[in-house]
Amino acid sequence: WYQRRVRGAWAWWCVSQVDKISLRVITLTPTISSVETKEGVAITCSGVAQVCVMKEPQMLEFASEQFVGKNQKDVEDIILQTIEGHFRAILGTMTVEEIYSDREGFAKNVRAIAGPDVSKMGIRIISFVIQNITDNVDYLKSLGVKRAAEVKRDADVGVAKSTAESGIKTSEAERQHMEAKYSCDALIAENKKTYEMKQAEFNQEVNKSKAEAELAYELQAAKENQTIKQEKMQIEV
């Protein structure tokens, strides 16, 4: 009941029914059982979706048209069935390998395709992730074994390649080291040879100068002796 005073009088309004729509986040667990993938392998796949009613006026109007008068369980079932329908359809277009190896891409695909459809009901998909993937013929198990073998093979190849590259780099380093050593030894030998030649030339110059000095001394001594003899002879005369 609602009471209001109008021009000195009281007017009484009666509200018979109030309908509410929850704006809280709803958690759904869509599950698809025994659906055949692109190559005909039957798998069971489950996920977790977080959805909510959009708050924009037009979207609230869409949600009201769809869900007013329905209880929370009915609302969740309607949204869940819509998501599961797209979930099932997308699974049928993919291979097990694609689903198994790229769960995030698969979940993103479900959000992209189911999102516009549920938005017509005023609902937004906040998040959607793949939770579990199983099958009854051990296809996924064999796929995991195959993948493990491929990883081990790639690791072995990587180790062998790394070892080979390491050996090549070691050999190259040793070669460069030896080249540097030979170059250094050659430079040392060349410098030694140059030094010895310079030393020989120096010694030759020294000996030459020494010989010239000795010869000059002897000549000078001879001259002085001759002079002395001449002087003695003059005195005797």
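The values are calculated or read from the model by the stated rules, or taken from the named source; none is laboratory data. Because the structure is predicted, anything quoted here is derived from the model rather than measured. Here the Cβ positions follow ideal geometry from the backbone for every residue, glycine too, while neighbour counts run over all protein chains shown. When the accessible area is computed, the model is the full protein with side chains, heavy atoms only, and any ligands, DNA or RNA have been set aside. Shrake-Rupley method; radii C 1.70, N 1.55, O 1.52, S 1.80 Å.
Rounded if a/c is under 1.5, else prolate if a/b beats b/c, else oblate: with a ≥ b ≥ c from the C-alpha gyration tensor eigenvalues square-rooted, which is region 38-133? Prolate shape, in that a/c is at least 1.5 and a/b is the bigger ratio.
For the pairs K73/K141; K55/K108; K169/K192; K73/K108, flag any whose C-alpha to C-alpha distance is greater than 30 Å.
Table pairs above 30 Å Cα-Cα are K73/K141; K169/K192.
Ignoring aspartates and glutamates fewer than eight residues from K232 along the same chain, the ones with Cα atoms less than 18 angstrom from its Cα are E224. Among the lysines, which fall within straight-line cross-link reach of K208, defined as a Cα-Cα distance under 16 Å, with same-chain neighbours fewer than 8 residues apart omitted? Straight-distance partners of K208: K198. Over all pairs of different C-alpha atoms, region 173-237 has a mean inverse distance whose reciprocal, the Kirkwood radius, equals 16.6 Å. For R103, the accessible area of its heavy atoms, probed at 1.4 Å with every protein chain present, is near 80 square angstrom.
The fraction of accessible area contributed by carbon and sulfur in region 26-148 is 51 percent, rounded to a whole number (1.4 Å probe; ligands and nucleic acids excluded). Surface composition of region 187-237: carbon plus sulfur atoms hold 57% of the accessible area, using a 1.4 angstrom probe and ignoring ligands, DNA and RNA. What is the distance, in nm, between label points placed 7 Å from the Cα along the Cα-to-Cβ direction at I168 and at T134? According to this spin-label approximation, the distance is 5.0 nm.
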